[in-house]
Amino acid sequence: MTVPSVNWNYPTAIKAGPGRIRELPEWCRELGMARPLLVTDPGLASLPMVEEALLACRQAGLDCGLFHEVKGNPTGRNVDDGVAAYRQGRHDGVIAFGGGSALDAAKAIALMAGQTRPLWDFEDIGDNHLRVNVAGMAPVVAVPTTAGTGSEVGRASVITDEAAQVKRIIFHARMLPSIVILDPELTVGLPPKITAATGMDALSHNLEAYCSPFFHPMAAGIAIEGMRLVKEYLPQAVADGGDVQARQQMLVASCMGATAFQRGLGAMHALAHPLGALYDAHHGTLNAILMPYVLKANQQAVAPRLEALARYLGLPQAGPGAVLDWVLSLREAVGIPHTLADIGIDEAQAERVGRMACEDPSAGTNPVNYTADEYSSLFRAAIRGNL
């Protein structure tokens, strides 16, 4: 099947299709960039795809720089260092290139490029976003190389405050990249394990957005179709990384999840955020492991929604438990560990994790309002494998 090359303008300008990365210099110029800074992570920085992107920009007359000091869970220090590189190189825009961590860091660097306040002053609390000097923000072209976070269509960045050992959400509506390039050829070399973890992250965004009690029918519609794409194409992408059709559809499902979670997230992310901060574990893997435990805990509160989802997905059974059974079988099929213990997380900080989860912004749109002790119990269940 031929994978189409298409342009969309929702929720931002999206250029989707194989080979679209070759248009990167054109879209940088479209946004007025002459000296872009390409932000990525150390693993990608030495790969041909980054070298080719830099070369293409430079051959097109763009004085393109590179910053790659971004951790798997990006930190405030990473952002500060990126801003220093941006200013030192007298750059005028950002190319966010990579997985969710690189994209989040790049968007935060673009935000902070012209600010005088410190990063944490823009945490997504109250009216903090009004503090942003919008004129000082840099334009962004986003190029995702994984299909999971959907950060390329997000208005926020999740950044770790290492001093406080907590992940903070930095938000401004203008953080949404102006142009996104969805090129599935950039994802074909992604190993099966990372394909699975990031794909399950896309599922977690769509599923939690769908189950959120917040009224946003458009987001709910996007979420349910995003889950259908994951069901259809994630096993194919894991089994055959060279399946460009599956890779393209998973990039779309990832974008849909991040678009849908304007409706809110839930307990998966409320737990995954502190676990990522405390254990430096992969965000997508955490959500994938936590998913059935949270789904089981929330099941009765969202039973009608889960029954409708089961019908839409064409699952063999139509009851609310059908979605849980599907999630368990999907996780097994793509090789996701069953418990947090399987990735080296123990119960030593259960009470702290429970408190942090209860205070996380994602907890506010979970279908059930759990206490800190209940979050601690959920955490323990995901360590012990108790469903």
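The values are calculated or read from the model by the stated rules, or taken from the named source; none is laboratory data. On a predicted model such as this, the values are computed, not experimentally measured, just so you know. All Cβ positions, glycine included, derive from the backbone under ideal geometry; neighbour counts span all protein chains shown. Accessible surface areas use protein heavy atoms only, side chains included; no ligands, DNA or RNA. Shrake-Rupley method; radii C 1.70, N 1.55, O 1.52, S 1.80 Å.
Listing for the model above:
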read-out	value
Distance from region 171-185 to region 356-370 (C-alpha centre basis), Å	27
Whole-number Å³ per residue for the convex hull built on Cα positions in region 185-249	73
Once exposed loop trypsin sites (Lys or Arg not before Pro) are cut out (DSSP; at most 16 other Cβ, 10 Å), longest piece of the chain	91-387
Portion, in percent, of the accessible area of region 246-367 that falls on carbon or sulfur, probe 1.4 Å	50
Acute angle (nearest 10 degrees) that the helix 100-112 long axis makes with the longest principal axis of the chain, alpha-carbon atoms	50
Lys/Arg +1, Asp/Glu -1 at C-beta; region 1-119 dipole; positive extreme among G82, I21, P42	G82
Three principal axis lengths of region 169-308 [C-alpha, angstrom, descending]	40, 34, 32
Cα lying deepest toward the dipole's positive end in the chain, options S376, N73, L176, charges on Cβ	L176
For region 284-369, accessible area per residue (1.4 Å probe, heavy atoms of protein chains only), Å²	43
Convex hull projection area averaged over all views, region 1-86, Cα basis, nm²	7.3
Size of charge dipole - the chain - debye, nearest 20, with Cβ of Lys, Arg +1 and Asp, Glu -1, no other charges	520
Surface/4 of the Cα convex hull for region 73-139, nm²	4.5
Antiparallel DSSP beta bridges within the chain, as percent of all bridges there, nearest 5	35
Normalised contact order of the chain, rounded percent, pairs of Cα under 8 Å and 6 or more residues apart	14
Charge-dipole axis of region 177-255 as Lys and Arg at +1 and Asp and Glu at -1 on Cβ define it, positive-most pick from A223, L186, C255	A223
Net charge, Y279 excluded, C-beta distance under 12 Å - Lys, Arg +1, Asp, Glu -1	0
Taking only Cα atoms of the chain, radius of gyration then Dmax in Å	19.8, 59
